[in-house]
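Enquirer: Handing you a structure now.
Values quoted throughout were computed directly from the atomic coordinates according to the rules given, and no laboratory measurement underlies them. In this text, all values refer to a predicted model and were calculated from it rather than measured experimentally. Here the Cβ positions follow ideal geometry from the backbone for every residue, glycine too, while neighbour counts run over all protein chains shown.
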Amino acid sequence: MRLVVFNRDGLLNEPTDNGITQLSDWRPITGAIEALAKLSQAGFTLVVANNQPEIAEGKLELDTLEAIHTRLNELVENRGGTISAIFYCPHSEDSQCPCRKPNTGLIDAIELEFSVPATDMLLVTNTHDDIELAQKVGAQAFWIRTANTESDSAVETFPDVRQAVDHIICHY
Ligand SMILES: [Zn+2]
């Protein structure tokens, strides 16, 4: 199984200054959604893994997070693709929980659920935490350059998710 893990905020949806705490805050990046569907149709398994400390902080209700993830799933399904699972860490930034990226808990859970070793996973991201995580577990990382993040020259870099997806379909 070819499995690709995506970060969420700033990659699949527009970032906000205070986190995404309402369904109306969650505005998809259209090209990214289309790219997910294309990758799914090409036979890849898609998983989203994201930190959601706003839950621990009391700013984000679980029901709202579920609604956001339902919306994300529906948008990809409407374009003929499937997101197989969405994993998240609900703990605070200072909790030092094992699942908050760059700790490995979410990747460990994905390994278990899909029986895919982390060394076979591809990780598409716009955060340095994810690059650190990928290096820890031996996954192949791809950096997406965004307005809010500097380039990470240590990994292959693309200007947007669509071009990363085209590269992955071509080479994996
Ligand atoms: Zn956690």
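Enquirer: Quick one, can you get me the convex hull of the C-alpha atoms of the chain expressed as volume per residue in Å³?
Expert: Working: hull volume 18.1 nm³, N = 172.
Once divided by residue count, the hull of the chain is 105 Å³.
Enquirer: Tell me which residues come under 5 Å, amide H to amide H, from Phe158 once H is placed; ignore anything under 5 positions away on its chain.
Expert: Those lying under 5 Å, H to H, from Phe158 are Trp143, Ile144, Arg145.
Enquirer: Grab the alpha carbons of region 56-146, take their convex hull, and tell me the volume per residue in Å³. Show your work: numbers first, answer last.
Expert: Numbers: hull volume 11.4 nm³, N = 91.
For region 56-146, the hull spanned by Cα atoms encloses 125 Å³ per residue.
Enquirer: Order 46-56, 132-142 from most to least packed using the mean count of other Cβ atoms within 10 Å. Please list the in-between numbers first.
Expert: Values: 46-56: 21.5, 132-142: 18.2.
Going by the mean number of other Cβ atoms within 10 Å, highest first, we get 46-56, 132-142.
Enquirer: Short version: ³J(HN,Hα) in whole Hz for each residue of region 117-128, in order, from phi by Karplus 6.51 cos²θ - 1.76 cosθ + 1.60 (θ = phi - 60°), x for Gly and Pro, what are they?
Expert: Those phi angles translate into x, 4, 5, 9, 8, 10, 10, 9, 8, 10, 10, 5 Hz.
Enquirer: Using the alpha-carbon centroid of each, what span in Å lies between region 82-96 and region 127-145?
Expert: 16
Enquirer: In straight Cα distance, which aspartates and glutamates are under 12 Å from Lys38, not counting same-chain residues fewer than 8 positions off?
Expert: Glu77, Asp166
Enquirer: Follow-up. How do 23-29, 79-85 rank on mean C-beta neighbours within 10 Å, highest first? Numbers along the way, then the final one.
Expert: Working: 23-29: 14.7, 79-85: 16.4.
Per-residue Cβ counts within 10 Å, averaged per peptide and sorted highest first, yield 79-85, 23-29.
Enquirer: What is the distance, in nm, between label points placed 7 Å from the Cα along the Cα-to-Cβ direction at Gln96 and at Gln135?
Expert: Placing both labels 7 Å along Cα→Cβ, they lie 2.2 nm apart.
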